[in-house]
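Asker: Take a look at this one; I'll ask things after.
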Amino acid sequence: MKLRFLICLLLIGFTSCSDSSEQLTSLYQAQSADLERIANQLINEKHVRGLTLGNPCEMINGWRRCQPSAPWENWDIQKKRKVYQPSLSAVLAHEKISLATYAGYSNFLKMNSLTSIDRAAECDECVTFEKDLHGLFYTRTTTFQLRQDHEYLSVKKLDAHWYVYTRDWN
């Protein structure tokens, strides 16, 4: 009985993995202009580096909150300790992000069933849009190539600027 359950769990996992990559490819095909506009907006943005909506934690730049009633926390490198902000508005004020800017990114993610948008660490002019462990990777330059490695377990090039990928869980 346990073996049958594990096999079913694995099959469901593999099926949902391919579905997520296919969903993101479909999203790219239907919304490429909007995705590119938002990606370029983030690249040009001075104060927003990334945003994650409840997966299970919310994050804005380095600030994180995992319980709706909990304060937002971040690691202060100079103080070598965690620091806290009591609310979303306090985090936005600290990071110099307007509520309208935050709402624009947040609404775009929700509208497209995405969980995060981030500037990619791999290059200065790259942005990732993710849903769980699957994502769309945008690079403004055509010289950057996203490659399959220990972080990106599968990578498919969609065009000169876009890739769809599945990444490692950590």
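Coordinate-derived values only; no laboratory data. Since the structure is predicted, the reported quantities are computational estimates derived from the model, not experimental observations. Ideal geometry is used to build each Cβ from the backbone, glycine not excepted, and the neighbour counts take in all protein chains shown.
Asker: Find how much the distance from K79 to S106 grows on full extension, using 0.36 nm per residue of separation minus their present alpha carbon separation; answer in nm with one decimal.
Answerer: 6.7 nm
Asker: I'd like to compare 96-107, 69-80: which one has the highest average count of other Cβ atoms within 10 Å, and what's the full order after that?
Answerer: Ranked from most to least packed, the peptides come out as 96-107, 69-80.
Asker: If you don't mind, there's one more thing I want to ask. Would you pull out the residues with amide H under 5 Å of T115's amide H, same chain only if 5 or more places away, H placed 1.01 Å from N?
Answerer: E130, K131, D132
Asker: May I ask you to compute the full-extension gain from K46 to D34, defined as 0.36 nm times their residue separation minus their alpha-carbon distance, rounded to one decimal in nm?
Answerer: Using 0.36 nm per residue and subtracting the Cα-Cα distance, I get 2.3 nm.
Asker: How big is the charge dipole of the chain about its Cα centre, in debye rounded to the nearest 20, if each Lys and Arg gets +1 on its Cβ and each Asp and Glu gets -1 on its Cβ?
Answerer: Dipole size: approximately 520 debye.
Asker: Candidates [x] 49, 34, 29; [y] 47, 47, 30; [z] 52, 38, 25; which is the computed Cα extents along the principal axes in Å?
Answerer: The calculated read-out lines up with [y].
Asker: While we're looking at this one, here's another question. Using a 7 Å offset from the Cα along the Cα-to-Cβ direction at both C57 and A90, what is the distance between the two label points in nm, to one decimal?
Answerer: 1.7
Asker: Go ahead and estimate [θ] at 222 nm for the chain from helices alone: -39,500 (n - 2.57) per DSSP H run with n ≥ 4, summed, over the residue count, rounded to 500.
Answerer: -13000 deg cm²/dmol
Asker: If you rank H150, H47 by fewest surrounding Cβ atoms within 10 Å, what's the result?
Answerer: Placing the least packed residue first, the sequence is H150, H47.
Asker: Also, I was wondering about something else. How high is the relative contact order of region 20-167, given as a whole-number percent (alpha carbon pairs under 8 Å, six or more residues apart)?
Answerer: 20
Asker: Right, something else. Let me confirm the definition first: pairs of Lys residues in region 20-167, 8 or more apart or on different chains, C-alpha distance under 26 Å. How many are there?
Answerer: Step by step, the pairs that qualify in region 20-167 add up to 15.
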